[in-house]
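The values are calculated or read from the model by the stated rules, or taken from the named source; none is laboratory data. This structure is a prediction, so every number in the text was calculated from the model and none was measured. Every residue, glycine among them, receives a Cβ derived from its backbone with ideal geometry; neighbour counts consider all protein chains shown. Ligands, DNA and RNA are stripped out before the accessible areas are found, and what is left, the full protein with its side chains, is counted by its heavy atoms. Shrake-Rupley method; radii C 1.70, N 1.55, O 1.52, S 1.80 Å.
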Amino acid sequence: MNRSKALLLAGVLAAGTVVAGAGTGTAAADPCAGSGPLPYTCAQPGDLIDVTLGELHPTQAVLGFDQVFYKLGRYGSDRDEAAGDVNKRFDDWCETNGQEEAASAGPKARLDDPSSFSCTVPLGQETPETIAPMKTAVVGPGGKLYLTDGHHTLTSFLEGPDGSTRMHIRLRVTDNFSSLTAPAFWQRMTAEKKVWLRDENNRPLGVDQLPDRLGITHFRDDPYRSLVYFTRDIGYEVPDGATEFLEFSWGSWLRGEHDASAYDLTAPGPYLDLVKRASKSMAALDADAVVDDGKTAAQLGRIDEWNGGKKETGGEFAKLGRPLSDPKPGKLAEALDYKARVLPVPACTTTVTGPRNGPLVVSAGVTCLDKAAQRGPVVVRAGAALVVTGSTLDGPLQADRATEVHLCGSRVNGPVVVTRSSGPVRIGGPGCTANTMNGPVVVR
């Protein structure tokens, strides 16, 4: 058995094990010395490792939600099957796993059961061409895995019809920095541009503000990142050897050129108009024009001719704008169709973060628990609203005649009872990362 296959097997058998004491200010002892090395800490650049989505740590705090919504709309549709094809999510999984595309997927096939479908390239027969599209990760202190490419794709898998944190996928290791202390690790990641420390408004972030896990609830939405996705092959092409976070560099530049807030990004006409204007400005750049962080338009894949030299009625731009009623709808229509199903969240009047002990009574306004650890019962009074995202509630939650209740990407250790709400109640659903509910849930 060669080293890559041995590491792949080790990752399956012992995923999630970490090196005790790493990241505490002193370098960890060499875990590869002697017998029985732990998974991931011994992975070398180029190795393919089997992981679960729940093990991965993001290296960016923002996503283009509309890009994820397109994937989720497509994954949840049956139009691929109706046309005699397999659902796109199986093609995407096979490509991400280094196995080209789906060969077959029966009516009961699920992504979380790879034995229920097949890919055109069997395991062990990968080629450089099939490995190239795989997503990448860096091994950090304690053997933790930091995702450096694929946040949108893997979030789409996680939020999809058969997604969960237990889903398996393979990643290609680009670097092993597991021997570094935590401060040295982040210094190295920053120096080598393997982390994107800007928020949805292009303002700087600290590494402590990165999400600790995948799931759309844990990210911020950057409309310019979605805009760049829709301009692909119209205003730019992904170049060979593209660096991490290429699309964010384009997004940073577009933010200074186009005001996305001036367009209705829930309607296909205005959205398509913004894509046209943005992509034309990208294609019009000189090849050596600096776009972002010293990178030129040519380095970032600026296209030679807008829309491949075709008119608006042809090429990729025409495909993008196809309506949902078309036999092959465009990405934009599918994204907006899914987006319309996502319940809006009310603006917070009070925000709770971090640990909080004792009962919490919400008597007025909108109280938001954002990455909070609430230890004690929560009561929502009539006319008040509660929004809980990426948090933990240790205790019961009771809401009677509340205006709204939203629970996304959170863990509740106790019963949940929501009665006579005058507005929407969202416990999971479109655009909301699944919750972990350790207790009965009653909504009436």
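Out of the residues in the range 32-48 that are open to solvent by less than 40 Å² (accessible area, probe 1.4 Å) and touching a strand residue (DSSP E or B) at 6+ places or on another chain (Cβ under 6 Å), state the one that is modelled with the lowest pLDDT.
Tyr40
Criterion applied to Ala297, Ala283 was being in contact with a Lys or Arg (Cβ under 9 Å, 6 or more places away or on another chain) and surrounded by 14 or more Cβ atoms within 10 Å (Cβ to Cβ), and the one residue passing it is Ala283.
Filtered by the rule that a residue be more than 21 Å from Leu320 (Cα to Cα) and either in a helix (DSSP H, G or I) or in contact with a strand residue (DSSP E or B) (Cβ under 7 Å, 6 or more places away or on another chain) (or both), the range 225-245 gives a lone residue, Phe245. Could you name every one of the strands (runs of 3 or more DSSP E) located completely within the range 403-444 that has at least 3 residues being surrounded by 14 or more Cβ atoms within 10 Å (Cβ to Cβ)? Qualifying strands (runs of 3 or more DSSP E): 404-408, 411-413, 416-419, 425-427. Checking Tyr263, Tyr224, Tyr229 one by one, the residue that is among the hydroxyl-bearing types (Ser, Thr, Tyr), in contact with a Pro (Cβ under 9 Å, 6 or more places away or on another chain) and surrounded by 14 or more Cβ atoms within 10 Å (Cβ to Cβ) is Tyr263 and no other.
Let's see how each residue does on (1) open to solvent by less than 10 Å² (accessible area, probe 1.4 Å); (2) in contact with a strand residue (DSSP E or B) (Cβ under 7 Å, 6 or more places away or on another chain); (3) in a loop (DSSP other than H, G, I, E, B):
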position: Val121; (1), (2), (3): no, no, yes
position: Gly124; (1), (2), (3): no, no, yes
position: Glu129; (1), (2), (3): no, no, no
position: Thr155; (1), (2), (3): yes, yes, no
position: Leu158; (1), (2), (3): no, no, no
position: Ser164; (1), (2), (3): no, no, yes
position: Val173; (1), (2), (3): yes, yes, no
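Counting just the residues of the range 328-351 that are in contact with an Asp or Glu (Cβ under 7 Å, 6 or more places away or on another chain) and either of a type in the set (A, V, I, L, M, F, W, C) or open to solvent by less than 70 Å² (accessible area, probe 1.4 Å) (or both), which one comes out nearest to Gly73 (Cα to Cα)?
Residues of the range 328-351 in contact with an Asp or Glu (Cβ under 7 Å, 6 or more places away or on another chain): 335, 339, 346, 351.
So of that shortlist, the ones also either of a type in the set (A, V, I, L, M, F, W, C) or open to solvent by less than 70 Å² (accessible area, probe 1.4 Å) (or both) come out as 335, 339, 346.
Details: Ala335: 6, Lys339: 9, Pro346: 24 Å.
The extreme case among them is Ala335.
Pro122 meets each of the listed conditions (1) over 20 Å from Thr243 (Cα atoms); (2) out of contact with any helix residue (DSSP H, G or I) (no Cβ under 6 Å at 6 or more places or on another chain); (3) touching a residue at least 24 places away in the same chain (Cβ under 8 Å); (4) not charged (D, E, K, R) apart from (3).
Counting the residues of the range 175-217 that are touching a Ser or Thr at 6+ places or on another chain (Cβ under 8 Å), part of a strand (DSSP E or B) and open to solvent by 30 Å² or more (accessible area, probe 1.4 Å) gives 2.
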